[in-house]
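Presented below is the structure to which this report refers.
The values are calculated or read from the model by the stated rules, or taken from the named source; none is laboratory data. These numbers come from a predicted model, not from an experiment. Glycine gets a Cβ as well: all are built from the backbone with ideal geometry, and neighbour counts include every protein chain shown.
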Amino acid sequence: MHQRVAVAVLSIMLAVLPGLALQAAEPIRIGVVNEITGAQAEAGQFTVNGIKLALEEINKAGGVGGRPLELRIEDNQSTNPGTVLAFSKLLAEGGLAGIIGPIRSTQIQAASPTIAKGGIPTMIGGTDTSLTHVSNRWVFRARPNDSYSSRVIADFGVNTLKLKKWAIVHSTDAFGTGGKNALVAALQSLGVEPVLVQGYTNNSQDFTPIVLAIKKSGADILATYMTNSPDVGIFAKQLRQLGVTIPWVGSPSIISVTALNLAGDALHGTYAIADFTTDANDLTKGFTRKYRDRYGINPDTFASWAYDALNVLAIAMRNAGSTEPEAVRKAILGIKGYAGVEGRYVFDDNGDGLHGYNVVRNENGKIVYMKHVDFAPK
């Protein structure tokens, strides 16, 4: 009897010891700069949720080299100055093996000199192509950039929908302007000159003049690069209220949970290019189940890219056998073929890991996967 009890106690100890050892090991600190407060706090919550889900899974599997990962989260207050300050605070504290930055291109653009000076591998979600083309060797993108999104939008609209009279509406920030420029170039390569190109300032409340300009232009298709999800919701409602029903192909914000909730049926029938779609494949379906079970809501791009970003950092540290910044930087660039929920990562010399997009359709509020277009190097 005593022997059986001793064996049972020993079995419990053996099961518990790895967890205790992981807890006792010195943690690897990962910085996070994100929108905890401010206009984009709802999107920021999705991002933090994605990171924490990856953190739990990584630590449950033994961490990195037997050491647990630990987050140090800094609020950027949804602003450019706040982003620069948040990075400065984290870098001043020191002891970081990596950083997961924001998804907003304009925020990354503002903080890029600080990131370069800090010398810590930083994963970003901003899609403005220039962010990884400014000789900043510490920036790595966990999403496809807009040189790919523009090509997919243009090809789908011209060759699949067979439409040639394009209106383009875009935010005037780094993301919107970069996307607009890339889309105009992609359309011109297909022999199409847009009939309207119209910018707007983020957090606008009245899009009536833009909607009237679309109607006057005679456009038969609308394309958008809109940064903030609440703007998408407002624009969609005003667009429909004023009777514009032409096909609409939007950047990923058009299928964000926030935009879908705000716009409702005003977004039904629209198309989007999306790096993450819940039902694109078994990986995205599995991630969606885990996220929904954990947080009670479906994930979107804000959650998916951040989930992948922490996994990429963990893989790089394992492959490098080190948390030294230069070793981790080189190991990230060496990742060729990691299957994340955003897609297959093949990092190029610029630090871009993904090279394609999904095309999806909003069918009565359900986002339906149509196809994937990938330009990744073989």
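Any residue in the range 275-298 that is at pLDDT 95 or above, of a type outside the set (A, V, I, L, M) and in contact with an Asp or Glu (Cβ under 7 Å, 6 or more places away or on another chain)? Looking for residues that are at pLDDT 95 or above, of a type outside the set (A, V, I, L, M) and in contact with an Asp or Glu (Cβ under 7 Å, 6 or more places away or on another chain), one finds at least one in the range 275-298, hence yes.
Of a type outside the set (A, V, I, L, M) and under 30 Å from residue 96 (Cα atoms) - does that describe any residue in the range 355-374? Among the residues of the range 355-374, at least one is of a type outside the set (A, V, I, L, M) and under 30 Å from residue 96 (Cα atoms), which makes the answer yes. Is the range 12-27 home to any residue that is more than 30 Å from residue 227 (Cβ to Cβ) and modelled with pLDDT of 95 or more? Checked the range 12-27: at least one residue is more than 30 Å from residue 227 (Cβ to Cβ) and modelled with pLDDT of 95 or more. When residue 326 is tested against the conditions (1) in a strand (DSSP E or B); (2) more than 22 Å from residue 126 (Cβ to Cβ), the lone failure is (1).
Being free of Cβ contacts under 8 Å to residues at least 60 places away in the same chain and either part of a strand (DSSP E or B) or among the basic types (Lys, Arg) (or both) is a condition met by no residue of the range 352-359. Can you spot a residue in the range 215-226 that is in contact with a Pro (Cβ under 7 Å, 6 or more places away or on another chain) and assigned by TED's automatic domain parsing to the domain that holds residue 339? No.
Just to be sure, is residue 159 part of a helix (DSSP H, G or I) and either surrounded by fewer than 18 Cβ atoms within 10 Å (Cβ to Cβ) or assigned by TED's automatic domain parsing to the domain that holds residue 123 (or both)?
yes
Listed conditions (1) of a type outside the set (S, T, N, Q); (2) surrounded by 19 or more Cβ atoms within 10 Å (Cβ to Cβ); (3) modelled with pLDDT of 95 or more are all met by residue 89, apart from (2).
Figure legend. Inter-residue proximity from the range 207-233: first residues of a type outside the set (Phe, Trp, Tyr), second residues assigned to a loop (DSSP other than H, G, I, E, B) and crowded, with 21+ Cβ neighbours inside 10 Å, beta-carbon distance below 7 Å, spacing 6+ or different chains. Indicated pairs: 224/251; 226/251; 227/104; 227/173; 228/40; 229/256; 232/226.
Is it fair to say residue 240 is more than 16 Å from residue 361 (Cβ to Cβ) and assigned by TED's automatic domain parsing to the domain that holds residue 45?
Answer is no for this residue.
Here is a yes/no grid of residues against (1) under 18 Å from the mean Cα position of the chain (by Cα); (2) among the basic types (Lys, Arg):
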{"residue": "97", "(1), (2)": "no, no"}
{"residue": "101", "(1), (2)": "yes, no"}
{"residue": "104", "(1), (2)": "yes, yes"}
{"residue": "107", "(1), (2)": "yes, no"}
{"residue": "112", "(1), (2)": "yes, no"}
{"residue": "130", "(1), (2)": "yes, no"}
{"residue": "135", "(1), (2)": "no, no"}
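Regarding the range 171-185, can at least one residue be identified that is over 14 Å from residue 273 (Cβ atoms), in the same structural domain as residue 228 (by TED's automatic domain parsing), surrounded by fewer than 20 Cβ atoms within 10 Å (Cβ to Cβ) and small (Gly, Ala, Ser)? Among the residues of the range 171-185, at least one is over 14 Å from residue 273 (Cβ atoms), in the same structural domain as residue 228 (by TED's automatic domain parsing), surrounded by fewer than 20 Cβ atoms within 10 Å (Cβ to Cβ) and small (Gly, Ala, Ser), which makes the answer yes. Starting from the range 239-253, take each residue that is modelled with pLDDT of 95 or more and list its partners that are charged (D, E, K, R) and in a loop (DSSP other than H, G, I, E, B), counting only C-beta distances under 7 angstrom and pairs at least six apart or across chains. Listed pairs, sorted by first residue: 246/220.
Looking across 321, 340, 365, one residue alone is in the same structural domain as residue 289 (by TED's automatic domain parsing) and either loosely packed, with under 15 Cβ neighbours inside 10 Å or on the phi > 0 side of the Ramachandran plot (or both). It is 321.
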